[in-house]
Structures are given as structure tokens and as C-alpha cells.
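First up is the structure itself, then whatever we jot down about it.
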Amino acid sequence: EHGRDSEDKPSERSKRSPLLSFSYTDMAFSGDLLAVGSYHGINLYKIGTGERPALISSIVCPGGQGDVSIVGDLLLMSVEDNRGRVDCGLQGISDDISTERFRGLRIFDISNLERPIQVGQVQTCRGSHTHSVVASDDERIIVYNSGTSNVRKEEELAGCVGNIAGDTRTALFRIDVIEIPVKNPGDARIIDSPTVFEDLETGQMAGLWRGGKHDETSQETSQTNQCHDITVYPQANIAAGACSGNGIIFNIADPLKPQRLDAVTG
């Protein structure tokens, strides 16, 4: 009886929030500004030589992954969890389909570092695990979005199609190219979702690693239908993607139309 009572009582560990709720996931720098992303939001710090970072403000906005970038007075944040809300609320989303859910790229105005304001959102079919700023000028910012989560239901976000055999509308096997107007970030949008993993000869969307084992000693690996992260080198017009079962090199001479140059399986 004593043993059963002990088993029924919640442990101290079980009472705590999920372990990753407040974990830091990424950092972005701009001058003496440091933005630290987490699954719960973003902290903004002032940094200086030989000084401890000084907290300026915090943006409480749960949703993970918390990948961050700073471009001028705009701060970008990746969101992929189903609990993410349009209004940054803490209560999450209980419904399978909801207009209040947010998964994609958030945009904040940080011209006043003490009072960041959400000024734009781009909803995506697979959320945003990470994003990469590819090009920017006074007019617009071009971002590659990498979504790795499940595909949303079309009833929640129009145009989202999952893994349906033969349906080329699928949100799999793509990255998103996002355009953010600097002067009106509320008009940010996806301008293309190229199928960068297609077979260059046949056009088949699933053109790279099909998943499975490389040999008898290897672990099971995932099909290449998304990128985990993309690093860009604009001066050389190339980008490198860590994309499920492949490492990929892209030509980004035209940032709106990334072209796959080569891929390795790993």
C-alpha cells in the first residue's frame, strides 16, 4: 500500500515545466545588442567589452524554436510549436484547428528596445524551425524559412497539403522564400516555396535521400524532405543546407530562386 501511494504522488520533477520551456536556442548580434531566443520568447541585452550583459527587455511569446535574426530595427523569430499563438498568449491552443494558432516567422519592431512590438507575421505550413536572412536593403529583406514540423491541416491554413501520393502541392520537399518590406513588415509574405530536393533530371520532388540505413551498421535516417538549417554566404552567392539526409550547396545569385548545385548523403 505504501508503495502504491508513493507511485500515485507526482514527483517534484513532474510538477516542473517541460525541460525545454525556457531553454535558450539561438543568439543574434547587432552592434552592442544581443538577442537571445528561447522556447518562451526573446531576451534583449546590451553588451560591452569586459562588462556583463545587461538585460534591456524580454519578449514573452512562447512557441519555439526561437531562432532569431536582427536586421536594422527588425527582429525575426522562428516559431514551430502547435502551442504558438498569434497574440503571443501563454494559454496555448487546445483545438486541432484554430485561427489563433501561429507557426511561422514573427517580426518585431525593436526601434525602442525597451518596448518591442510585434509588427508582422508569416504563417507557414510546417512552422519555422530556423530561418536565414539571405539579402537585405532599404526596401526589403529576403529570408529562407526551414520548416521541419508536421504539415498543418488545410482547414487551418489554406494551401497546406501533407504527404499525399502524387499530389505535387505538398508542403514537403520545399523551403519557403519570404519577402519582408522594411517600411511595412505587416505585409511580409511567402513569395515562393521551391522544391529544392527534386531530381534535376526527372523533376521528381523526392529526388535526394529516401531515408533508411546507409549500411548494416548505421542507424535509421530520415527522408530528405526539409532543411534543419541553412547558412548563407552572400558575397560568394552560395548557401549550405543541413537538410535531413543530405548536405546541400545552393547557388543564391538570385536569392529569390535558389538552385541546388550539389548534395552529399550523410
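When Asp167, Asp254, Asp262, Asp199 are screened for being within 28 Å of Asp26 (Cα to Cα), assigned to a loop (DSSP other than H, G, I, E, B) and acidic (Asp, Glu), only Asp254 passes. Out of Val68, Val79, Val86, one residue alone is free of Cβ contacts under 8 Å to residues at least 40 places away in the same chain, out of contact with any His (no Cβ under 8 Å at 6 or more places or on another chain) and on the phi < 0 side of the Ramachandran plot. It is Val86. The conditions of being among the aliphatic types (A, V, I, L, M), surrounded by fewer than 16 Cβ atoms within 10 Å (Cβ to Cβ) and within 28 Å of Ile230 (Cβ to Cβ) are met by Ile47. Taking strands (runs of 3 or more DSSP E) as the structural unit, those lying wholly within region 99-152 and holding at least 1 residues that are touching a helix residue (DSSP H, G or I) at 6+ places or on another chain (Cβ under 8 Å) correspond to 104-109, 117-123, 130-136. Look at (1) surrounded by fewer than 21 Cβ atoms within 10 Å (Cβ to Cβ); (2) within 21 Å of Asp26 (Cβ to Cβ) and you find that Gln91 fails only one, number (2). For region 76-119, filtered to residues that are of a type in the set (Ser, Thr, Tyr) and within 24 Å of Ile141 (Cα to Cα), the residue that is farthest from the chain's Cα centre (by Cα) is Ser111.
Could you please let me know if Thr217 is in a strand (DSSP E or B), out of contact with any Lys or Arg (no Cβ under 8 Å at 6 or more places or on another chain), loosely packed, with under 13 Cβ neighbours inside 10 Å and not small (Gly, Ala, Ser)?
Spelling it out, it is not the case that Thr217 is in a strand (DSSP E or B), out of contact with any Lys or Arg (no Cβ under 8 Å at 6 or more places or on another chain), loosely packed, with under 13 Cβ neighbours inside 10 Å and not small (Gly, Ala, Ser).
Might you let me know whether region 97-107 holds any residue that is in contact (Cβ under 8 Å) with a residue 60 or more places away in the chain and either within 16 Å of Gly41 (Cβ to Cβ) or not aliphatic (A, V, I, L, M) (or both)? Within region 97-107, one or more residues are in contact (Cβ under 8 Å) with a residue 60 or more places away in the chain and either within 16 Å of Gly41 (Cβ to Cβ) or not aliphatic (A, V, I, L, M) (or both). Among the residues of region 220-247, the one identified as part of a loop (DSSP other than H, G, I, E, B), over 17 Å from Arg174 (Cβ atoms) and among the polar types (S, T, N, Q) is Asn237.
What about Ser69, is it modelled with pLDDT of 95 or more, within 22 Å of Cys227 (Cβ to Cβ) and part of a strand (DSSP E or B)? In short, yes. Looking across region 71-84, just one residue is among the β-branched types (Val, Ile, Thr) and crowded, with 20+ Cβ neighbours inside 10 Å, and that is Val79.
The values are calculated or read from the model by the stated rules, or taken from the named source; none is laboratory data. These numbers come from a predicted model, not from an experiment. Using ideal geometry, Cβ is built from the backbone for each residue, glycine included, and neighbour counts are taken over all protein chains shown.
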